[in-house]
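Chemist: Structure provided below as structure tokens; questions to follow.
The values are calculated or read from the model by the stated rules, or taken from the named source; none is laboratory data. In this text the structure is predicted, and so the values were computed from the model without any measurement. Cβ: placed from backbone, ideal geometry, glycine included. Neighbour counts: every protein chain shown. These accessible areas exclude ligands, DNA and RNA; they are computed on the full protein's heavy atoms, side chains included. Shrake-Rupley method; radii C 1.70, N 1.55, O 1.52, S 1.80 Å.
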Amino acid sequence: MTSDAATGRWPDVKEIVQVALPLYLSMIAVSSSALVNTAALGRFGTTALAGFGLTVAVYFPAMAAVSGAVRGVMPFIAAEKADRAGVLRVVRNGTWLALCAGVPGAAAVACVPLLANATGAAVAPLGPFPLLMAGGVLLNGFGSMATSSLIALGHGKVVMHAGLAGAACTAVLSPLLVIAAGLGLNGAGIALLTSNLVSSTIALLGLRRRLGVRVTEAFDPRVHFGHLLRLAEVGLPMAGTVLVKFGVLGVLAFAAARLSETDIAVHNIATSLVSLMFTAAVAIGQASVPIVSIRASHNDPRGVRRGISAGLLTAMTTLTVICAVIMAFRAFVVRLFTSDPAVTSAVTTLLVLVVLVVLGDGLQAILGFGLTGLKRSTPSFVVFAACYGALALAAVPIAEHAGLTGLWVALAVANLLVATGQGLAFRRETVAHRDNRSRSWNAP
């Protein structure tokens, strides 16, 4: 790395950190509030907790997929940042994209009782709880469209305020409604629905203020199908990537569960640690998209590569620090999850592989968001589906022959292969554009 190249990256690193930090704090707050909700249900009763567990098995993938789909607005918003009318046009079509993605996601959650009956799941009647959660998915679609737009415009603090307010609603209302009011599962549903309503409203109002329009002006009853399809071309592969990842991680959990109770406990704790640390990479990746998109709109391949290099540097530095802290305080961290000596010992032994999985996942996340910034998310989905698809097919045989360690080695290798494939795709896009062999990044 030359000194000039290094100097050129620092302003990008600073900009990424300024946007990513409030996003990360918001994500951590939301995750923490979810733990409060689960704890409240656990104290209320095992039956309520079981019903919650079944519903969120569909709810969380649906939420993630809807959020992924509407992130398709980010590169378009960033590219139109200097043109208020252009931004407003993207927001209006993004609202339709949120509706198109949110309705199927909400329908999937609403159908959880049918899924329970079809699979013979041993849970009590869920009542209106799935419908409350479905409402949260639909609201999340509009809220995620607003937060994606705000991130693309560089207003990460508004997103943080929306996330913190929503998290506070969950943390306060869950114990009150679930335990104090005795509403159990329905209390949790009301708390989560209220949380989504509050956070989405704050994000939408914040976006309205930044655009300087009334709420009604941010929505166009006419559907511009050409532009909507262009947004979907970027957003839907991102949603597909999320669904593939959730599905394959479910297969890995199944493979671990076939080994022993200790192994599935260790696997679940390790997966929780990965999720906690990986959140930082997601925040940094989203913060990198506007930089890449703006430079792509100016046909600046060198600037695009410099921007994604800054994202990689920021992510790898951040994840390395977080992993180092986890390793340094591993005894304390592991005790937060379990008091079983056998599980504690196994998790501690597995931590090195957990670190490798996190670093590989962070690499692929930044490169994937880089492709999103270029409005080319399909290659990312193809690479992810191929590598994780192979992992899903091999998971059970690997677990049977190499145990949990082998399973996590395979996951680390899969993440590295995904990162390699996405890196090659990103390089191909920038090199082809430089040599004028690619269609314009500014294609409508």
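Chemist: In square angstrom, what is the accessible area per residue of the chain with a 1.4 angstrom probe?
Modeler: It amounts to 43 Å² per residue over the chain.
Chemist: If I model a spin label as a point 7 Å beyond the Cα along the Cα-Cβ vector, how far apart are those points for GLU217 and THR317 in nm?
Modeler: 4.1 nm
Chemist: Report the Cα centroid-to-centroid distance between region 41-110 and region 190-264 in angstrom, as an integer.
Modeler: 2 Å
Chemist: Which value in nm describes the separation of the simple spin-label points at ASN117 and ASP340, placed 7 Å from the Cα toward the beta carbon?
Modeler: Placing both labels 7 Å along Cα→Cβ, they lie 3.5 nm apart.
Chemist: Loop only by DSSP, 16 or fewer other Cβ within 10 Å of the Cβ. Give me the chymotrypsin sites (Phe, Trp or Tyr not before Pro) in region 249-349 that pass, ordered by residue number.
Modeler: Those that pass, being in a loop and sparsely packed, are PHE329.
Chemist: Kirkwood Rh over alpha-carbon pairs of region 346-425, then Stokes-Einstein at 20 °C and 1.002 mPa s: what D in µm² s⁻¹, rounded to an integer?
Modeler: It diffuses with D of about 164 µm²/s by this estimate.
Chemist: Can I ask one more? Ignoring ligands, DNA and RNA, what percent of the accessible area of region 232-329 is carbon or sulfur (1.4 Å)?
Modeler: It is 67 percent, rounded to a whole number.
Chemist: Contact order normalised by length for the chain, with contacts defined as Cα pairs under 8 Å and 6 or more residues apart; what percent is it?
Modeler: On the way: 674 pairs, mean separation 93.5, N = 444.
Value for the chain: 21 percent.
Chemist: Students often check this: by mean Cβ neighbours within 10 Å, which of 183-192, 163-172 ranks highest, and how do the rest follow?
Modeler: 183-192, 163-172
Chemist: How big is the chain on each of its three principal axes, counting only the C-alpha atoms and giving the largest first in Å?
Modeler: Projected onto the principal axes, the Cα atoms of the chain cover 58, 49, 37 Å.
Chemist: Okay, moving on. When a/c is below 1.5 the answer is rounded, else prolate if a/b is larger than b/c, else oblate, so apply that to region 86-175 with a ≥ b ≥ c taken from the square roots of the Cα gyration tensor eigenvalues.
Modeler: Values: a/c = 3.98, a/b = 1.66, b/c = 2.40.
Verdict is oblate for region 86-175.
Chemist: With a cap of 14 neighbouring Cβ atoms within 10 Å, and only residues DSSP puts in a loop, list the trypsin sites (Lys or Arg not before Pro) found in region 364-436.
Modeler: Loop-located and lightly packed - none at all.
Chemist: Ignoring ligands, DNA and RNA, please state the percent of accessible area on region 128-198 from carbon and sulfur, probe 1.4 Å.
Modeler: Here it works out to 78 percent.
Chemist: Now for a separate question. Excluding same-chain residues fewer than 8 positions from LYS375, which lysines have a Cα within less than 18 Å of its Cα?
Modeler: LYS81
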